[in-house]
Amino acid sequence: MANNTFDNRKFMDYAINHVNDDHWKEMVQIVQANTTIRDVSDVTLLDYNPKGMEVIVARNNRDEQKIQINFPCVLNSPMTLDQYL
């Protein structure tokens with residue numbers, strides 16, 4: 001099935017937009033739990049793959065930075081991202 005592969009850009013874009021629109025609090029918690037960054041003012045999911053996700057983190061009174069957050073285990077499909085939110 002095409003939706004089970006990470007090269008299905010239509011589904012990936014849908015998932016990224018959904019996370020950015022509806023899971024802001026969870027993304028802040030993920031950044032705080034997986035990095036030393038505590039003063040998070042905003043998080044934007046840029047992309048993800050089986051091993052992790054790339055996000056832009058805005059910090060209070062600081063510049064934004066792009067970071068990679070690894071998943072605890074490899075995702076089997078792009079649809080399993082929600083198990084980490």
Tell me, yes or no, whether segment 67-82 has at least one residue that is open to solvent by 20 Å² or more (accessible area, probe 1.4 Å), free of Cβ contacts under 8 Å to residues at least 40 places away in the same chain, in contact with a Phe, Trp or Tyr (Cβ under 8 Å, 6 or more places away or on another chain) and in a strand (DSSP E or B).
-> no
Criterion: touching an Asp or Glu at 6+ places or on another chain (Cβ under 6 Å) and not basic (Lys, Arg) - qualifying residue of 75, 46, 81 | 46
Got at least one residue in segment 16-23 being in contact with a His (Cβ under 8 Å, 6 or more places away or on another chain) and in contact (Cβ under 8 Å) with a residue 40 or more places away in the chain?
-> no
Candidate set from segment 1-29 (those that are open to solvent by 20 Å² or more (accessible area, probe 1.4 Å) and closer than 23 Å to residue 63 by Cβ); member that is nearest to the chain's Cα centre (by Cα) = 20
Could you tell me whether residue 27 is part of a helix (DSSP H, G or I), touching a Pro at 6+ places or on another chain (Cβ under 6 Å) and in contact (Cβ under 8 Å) with a residue 24 or more places away in the chain?
-> no
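So that you can scan it fast, the table gives a plain yes or no per residue for (1) out of contact with any Ser or Thr (no Cβ under 6 Å at 6 or more places or on another chain); (2) of a type outside the set (Phe, Trp, Tyr); (3) more than 20 Å from residue 68 (Cβ to Cβ):
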site: 14; (1), (2), (3): yes, no, yes
site: 18; (1), (2), (3): yes, yes, yes
site: 22; (1), (2), (3): yes, yes, yes
site: 28; (1), (2), (3): yes, yes, no
site: 31; (1), (2), (3): yes, yes, no
site: 37; (1), (2), (3): yes, yes, no
site: 43; (1), (2), (3): yes, yes, no
Sort out which residues of segment 36-66 are in a strand (DSSP E or B) and among the charged types (D, E, K, R), and write them in order of number.
-> 42, 47, 54, 59, 66
Please specify each residue of segment 30-66 satisfying the condition of being under 18 Å from residue 8 (Cβ atoms) and open to solvent by 90 Å² or more (accessible area, probe 1.4 Å).
-> 51
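The values are calculated or read from the model by the stated rules, or taken from the named source; none is laboratory data. Keep in mind it's a predicted model, so treat the numbers as computed, not measured. Because the Cβ atoms are built from the backbone with ideal geometry, glycine has one as well, and the counts that use them run over all protein chains shown. The area values use the complete protein model at the heavy-atom level, side chains included, leaving out ligands, DNA and RNA. Shrake-Rupley method; radii C 1.70, N 1.55, O 1.52, S 1.80 Å.
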